[in-house]
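No value in this document is a laboratory result; all are computed from the given coordinates. This structure is a prediction, so every number in the text was calculated from the model and none was measured. Because the Cβ atoms are built from the backbone with ideal geometry, glycine has one as well, and the counts that use them run over all protein chains shown.
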């Protein structure tokens, strides 16, 4: 099926529906069929590492080893300058680190509270993508992307997921959640990382 390095069917090492939608729309044009690991009975992998790249690699190898398919994993998060890079690798469970629930709403509430006395609202979304062609791939393909913006005090927009309603893009005068999916997929940290990854695949073909 694929015209990019013969990958064809690739398992996404995530059960996040938002990520699946974004990646599937971006990869479809490259002839790559993306399937969520949950559809193949793959449980979530542990993410014990303190770096994005180590977590992404662990997730990719885990999904590939249990399915026999090439696997794509990302580890991504929001890095806020005034919080010394937090929530960072803990973005998906930021509120639960303090005993709160693991949800977008709780994570955003903690972020706003942590920034209440901070004047510097600069932040960026960071994404590391790792693609393994098999579980023991000695040369995983790694790409990354950064999407710069600022953190808002109140949400704007109903699209996207995660911190998108609070992630403001001054150049566009809009939050990430106010962008339509096509626009976001052209600009986001995942889009930037995926374009880099696809370019590397083409170079290896």
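Ranked by Cβ crowding within 10 angstrom, fewest neighbours first, how are 142, 32 ordered?
142, 32
What FRET efficiency comes out for the pair residue 97/residue 148, r = Cβ-Cβ distance, R0 = 30 Å, nearest 0.05?
Plugging the Cβ-Cβ distance into 1/(1 + (r/R0)^6) gives 0.75.
Which value in nm describes the separation of the simple spin-label points at residue 29 and residue 182, placed 7 Å from the Cα toward the beta carbon?
Distance between label points: 1.1 nm.
What is the distance, in nm, between label points placed 7 Å from the Cα along the Cα-to-Cβ direction at residue 40 and at residue 158?
Placing both labels 7 Å beyond Cα along the Cβ direction yields 3.6 nm.
Can you pull the percent of Cα pairs in the chain with separation above 33 Å?
Counting every Cα pair in the chain, those more than 33 Å apart make up 13 percent.
Enter the angle in degrees (range 0 to 90, nearest 10) between the Cα long axis of helix 52-67 and the first principal axis of the Cα atoms of the chain, meaning the one along which they spread out most.
Approximately 40 degrees, to the nearest 10.
What is the fewest-to-most order of 131, 198, 34 by other Cβ atoms lying within 10 Å of their Cβ?
Arranged by neighbour count, lowest to highest, 131, 198, 34 become 34, 198, 131.
At a threshold of 8 angstrom on Cα-Cα distance, excluding pairs fewer than six apart, so keeping six or more, what relative contact order does the chain reach in percent?
Taking the mean separation of contacting Cα pairs over the length of the chain, I get 18 percent.
Specify whether the C-alpha gyration tensor of the range 90-194 places it in the rounded, prolate or oblate class, a ≥ b ≥ c being the square roots of the eigenvalues: rounded for a/c under 1.5, otherwise prolate if a/b is larger than b/c and oblate if not.
oblate
Would you mind computing Rg(Cα) / (2.2 N^0.38 Å) for the range 1-67, counting N as its residues?
It is 1.13.
Taking 7 Å along the Cα-to-C-beta vector as the label spot, tell me the residue 106-residue 203 distance in nanometres, rounded to one decimal.
Computed distance between label sites residue 106 and residue 203 equals 4.2 nm.
I'd like the orientation of helix 189-204 relative to the chain: the angle between its Cα long axis and the longest Cα principal axis, in ° from 0 to 90, rounded to 10.
Computed tilt is about 20 degrees.
Taking the chain as the reference, fit the longest principal axis to its C-alpha atoms, fit the long axis of helix 104-114 to the helix C-alpha atoms, and give the angle between the two in degrees, 0 to 90, nearest 10.
Approximately 50 degrees, to the nearest 10.
Just report the Cα centroid separation between the range 142-205 and the range 10-84, whole Å.
For the range 142-205 versus the range 10-84, the Cα centre distance is 16 Å.
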